[in-house]
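Chemist: Encoded as structure tokens, here's the structure I'll be asking about.
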Amino acid sequence: MNRSLSLKRLKESQDKIWDIAVIGGGASGFGVALDALSRGLSVVLLDKSDFAKGTSSRSTKLLHGGVRYLAQGDVGLVLEALKERGRLLANAPHLTYNQPFIIPIYTWFDKLQYSVGLKIYDWMAGKWRLGKSKFINKKETINRLPQIKQSGLKGGVVYHDGQFDDARMIIAIAQTCDELGGCVLNYAKVSELTKDENGKVNGLMFVDQIGDNHIKIKAKMVVNATGVFADKILQMDQPGVRKSIQPSQGIHLVFDQSFLGGNDALMIPKTSDGRVLFAVPWHGKLVVGTTDTLVDKAKLEPEALEKEINFVLETAQAYLTKKPLRSDVLSVFAGLRPLAAPKEKGAKTKEISRSHKVIVSDSKLVTITGGKWTTFRKMGEDTVDYFSEVTGESMKASKSANQKLHGYTKNPEEGHMSVYGSDASQIKSMIKDHPKWAEKLHSNHPFTVAELIWMLRNEMAVKLEDIMSRRFRIMLLDAKAAKEMGPKAAKIMAEEMGQDDAWIADELEEFEKTVNKYIITQ
């Protein structure tokens, strides 16, 4: 997957009419691209920044049916998500895991409530079930969650859900789309939608953010899959149109895994704001969140609010004996949920359905909104289903449900190299040919020079932040370490990409502004 080749392909084929042009390189956009390619349609996908720069790299790292949605009675969404969870675990075993969760039980009523609720959850998963839920006694709960608050503890209810690496999943899907003949391009900002004499959308113009090229794309169907930024494209199509998205912010704090202990995840079903709180082991660290805060404006780099940081800290402290403090936070990251704007004022964000919606404008622009990471593929399938209605052309049935993702292997490497799947052996070969590339980029972390060069050559990484945030994930795992790695990584990137000292200085300045937002000051 090479950016220069994708760009060259688009420059040289400006007369080509693509079946589908997708705007947005997050979970929604790649769900559309993957499904369309599985049906033999031609696809181009563009993102104004890096793939998964927004919401899709900032999740709680869970592939789940949604125990909370079951409690709200959204049975349809839970059934759909459980099926999609099972498919993703089957199609990308190098990026997904079966993660046991424990709900600590402090009242006998809760034991009854959650035991029954999770049996229903198991039953709904059917053949996609990841394990049986069960009640465990106090001793076993403490054994499995060594740092759990013991006062009043009656035991715990264990259940199973999926866990994954969200940004690495997007990279694998992008590589899969590339292999299936799609053309994917990051740092490609759509500047206008083009229309025919009847006012129907027939393509778009975009600006290459790296080389400043202006390129025209012709397409039979254009899909707006830009998540929290969907209204910007809708305004481009029809100025003054009613706002359709209400962004809601969720933050996560990352700690050392020792604050929970064991390999199980913790789920707190009720917090002071009525949301669920998760503490999930991820890449050797502990991700704790999330919040639900309405924000007025969608930003590409949202920042955690003090009240959100305090809420997550206080809730975690109430349940853990080793109490996490501000000084223990390794990284804080914020993401925005693209919720459907409620028609009535005062609707609580946690009550707005996570079901997705496909909207076809008068101009035939197709917009996909809402949804959740786990159901990205089904969202894509439901969107591509509109192709015949929009174009009048027939198409084949979807095959994306069984599409193995790039790097697929049943036996991924142990440790941090597992995310590369079958590509890990090629990275090891690079080290064999260039022993110096085995050098680590940071003494406390396993990432090597060889991996960085691999990302530049094969994963369409362009900027230092692409590497640190969405390829290595170190910015989310340990922001201070990411900052320390910056100068060394930028120098290697410049050598590989043929850039000069001025480029290094610019990259480091831009990267430091971003990474500082992930570091909590005392």
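Chemist: Of K53/K432; K11/K48; K11/K428; K127/K154; K216/K399; K378/K428, which sit over 28 Å apart, Cα to Cα? Can you show the working numbers first?
Modeler: Working: K53/K432 33 Å; K11/K48 17 Å; K11/K428 35 Å; K127/K154 31 Å; K216/K399 30 Å; K378/K428 35 Å.
Over 28 Å apart, Cα to Cα: K53/K432; K11/K428; K127/K154; K216/K399; K378/K428.
Chemist: Using a probe radius of 1.4 Å on heavy atoms only, what accessible surface per residue do you get for the stretch 1-138? Whole Å² is fine.
Modeler: Numbers: 5170 Å² over 138 residues.
Value for the stretch 1-138: 37 Å² per residue.
Chemist: Here's a follow-up. Remind me, relative contact order of the chain in percent, using alpha carbon pairs under 8 angstrom and six or more residues apart? Write out the running numbers ahead of the final one.
Modeler: Details: 1057 pairs, mean separation 104.9, N = 522.
It rounds to 20 percent for the chain.
Chemist: Read phi for every residue in the stretch 184-198 and hand back ³J(HN,Hα) as whole Hz from Karplus 6.51 cos²θ - 1.76 cosθ + 1.60, θ = phi - 60°, with x for Gly and Pro.
Modeler: So the J values, rounded to whole Hz, are 10, 8, 9, 6, 10, 8, 5, 9, 7, 9, 9, 9, 7, 5, 9.
Chemist: Diagonalise the Cα gyration tensor of the stretch 375-441 and give the resulting equivalent ellipsoid semi-axes, square root of 5 times each eigenvalue, largest first, whole Å.
Modeler: Details: eigenvalues 328, 32, 23 Å².
That gives 40, 13, 11 Å for the three semi-axes.
Chemist: Okay, moving on. For an R0 of 22 angstrom, estimate the FRET efficiency from the Cβ-Cβ distance between I519 and K322 and round to the nearest 0.05. Before the final figure, lay out the partial values.
Modeler: On the way: r = 22 Å, r/R0 = 0.99.
That pair, I519 with K322, gives E of 0.50.
Chemist: Restricting to DSSP H runs of at least four residues, report the calculated mean residue ellipticity at 222 nm for the chain, -39500 (n - 2.57) per run over all residues, nearest 500 deg cm²/dmol. Mind dumping the intermediate values first?
Modeler: On the way: 16 runs with 177 residues, N = 522.
Theoretical 222 nm ellipticity from helices: -10500 deg cm²/dmol.
Chemist: Is the shape of the stretch 306-452 rounded, prolate or oblate, going by the alpha carbon gyration tensor and its root eigenvalues a ≥ b ≥ c, with a/c under 1.5 for rounded and a/b larger than b/c for prolate?
Modeler: Numbers: a/c = 2.94, a/b = 1.20, b/c = 2.44.
Cα axes put the stretch 306-452 in the oblate bin.
Chemist: Just want to confirm a number: the relative contact order over the stretch 247-293, from Cα pairs under 8 angstrom separated by 6+ residues, in percent. The partial results should precede the final answer.
Modeler: On the way: 80 pairs, mean separation 22.4, N = 47.
Contact order relative to length: 48 percent.
Chemist: Another question about this same structure. Ignoring ligands and nucleic acids, what accessible area does D273 show with a 1.4 Å probe (Å², nearest 10)?
Modeler: Probe radius 1.4 Å; accessible area of D273 about 60 Å².
Chemist: I would also like to ask the following. Using the Cα atoms of the stretch 17-62 to build a convex hull, what is its mean projected area in square nanometres? Intermediate values should be presented prior to the final figure.
Modeler: On the way: hull surface 14.2 nm².
Taking the Cα atoms of the stretch 17-62, their convex hull projects to 3.5 nm² on average.
Chemist: Output the direction-averaged projected area (hull surface divided by four) of the convex hull of the alpha-carbon atoms of the stretch 96-167, in nm².
Modeler: Numbers: hull surface 22.2 nm².
One quarter of the hull surface, i.e. the mean projection, equals 5.5 nm².
Chemist: Moving on to the next point. Apply the Karplus parameterisation 6.51 cos²θ - 1.76 cosθ + 1.60, with θ equal to phi minus 60°, to every residue of the stretch 71-76 and state each ³J(HN,Hα) to the nearest whole Hz, in sequence, with x for glycine and proline.
Modeler: My calculation for the stretch 71-76 gives 4, 7, x, 8, 4, x Hz in order.
Chemist: Ok, one more. To check my understanding: the extent here is largest minus smallest coordinate of the Cα atoms along each principal axis. What are those three numbers for the chain, in Å, largest first?
Modeler: Extents along the principal axes: 70, 55, 42 Å.
Chemist: Run the Debye formula on the Cα coordinates of the stretch 404-485, all scatterers equal and no solvent, and tell me log10 I(q)/I(0) at q = 0.13 1/Å.
Modeler: The computed values of log10 I(q)/I(0) come out as -0.40.
Chemist: From the P(r) of the stretch 11-153, can you give the percent of Cα pairs sitting at distances over 18 Å? Please report the intermediate quantities before stating the final value.
Modeler: Values: 7053 of 10153 pairs.
Within the stretch 11-153, distances greater than 18 Å cover 69 percent of Cα pairs.
Chemist: How do E510, E140, E495 stack up against each other in accessible area, from largest to smallest, with a 1.4 angstrom probe? Display every interim value, and only then the final one.
Modeler: Numbers: E510 90, E140 65, E495 130 Å².
Highest to lowest solvent-accessible surface, that is E495, E510, E140.
Chemist: Another one. Please report the accessible area of K11 (heavy atoms, 1.4 Å probe, ligands and nucleic acids excluded) in Å², nearest 10.
Modeler: Using a 1.4 Å probe on the heavy atoms, I get roughly 90 Å².
Chemist: Right, here's the next one. For the stretch 224-324, treating each Cα as an identical point scatterer without solvent, what Debye log10 I(q)/I(0) comes out at q = 0.17, 0.18, 0.20 1/Å?
Modeler: One equal scatterer on each Cα of the stretch 224-324 leads to -0.80, -0.86, -0.97.
Chemist: Could you work out the local net charge near I368, counting Lys and Arg as +1, Asp and Glu as -1, over the other residues with Cβ closer than 9 Å to its Cβ? Kindly include the intermediate steps, with their values, before the conclusion.
Modeler: Values: positive: K357; negative: D382.
With Lys, Arg at +1 and Asp, Glu at -1, the net is 0.
Chemist: What ³J(HN,Hα) values, in whole Hz, does the Karplus curve 6.51 cos²θ - 1.76 cosθ + 1.60 give for the stretch 173-179 when θ = phi - 60°, with x put for Gly and Pro?
Modeler: 5, 4, 5, 5, 4, 4, 5
Chemist: Please report, in cubic angstrom per residue, the volume enclosed by the convex hull of the alpha-carbon atoms of the stretch 153-300. Write out the running numbers ahead of the final one.
Modeler: Working: hull volume 28.7 nm³, N = 148.
Hull volume normalised by residue count: 194 Å³.
Chemist: Sticking with this structure for a sec: Amide H to amide H, which residues 5 or more places from G25 or on other chains are under 5 Å from it, using H placed in the peptide plane?
Modeler: Those lying under 5 Å, H to H, from G25 are K48, A52.
Chemist: How much of the accessible area of the chain, probe 1.4 Å, is carbon plus sulfur, in whole percent?
Modeler: Working: 10740 of 21200 Å².
Heavy-atom surface of the chain belonging to carbon and sulfur, 1.4 Å probe: 51 percent.
Chemist: So which lysines pass the test for K483, namely a Cα distance under 16 Å, with those fewer than 8 places away in the same chain ruled out?
Modeler: Straight-distance partners of K483: K440, K463, K491, K513, K517.
The values are calculated or read from the model by the stated rules, or taken from the named source; none is laboratory data. All figures in this text were calculated on a predicted structure; none of them were measured in a lab. Every residue, glycine as well, gets a Cβ built from its backbone with ideal geometry; the counts of neighbours run over all protein chains shown. Just the protein is used for accessible areas: all its heavy atoms, side chains included, with ligands, DNA and RNA removed. Shrake-Rupley method; radii C 1.70, N 1.55, O 1.52, S 1.80 Å.
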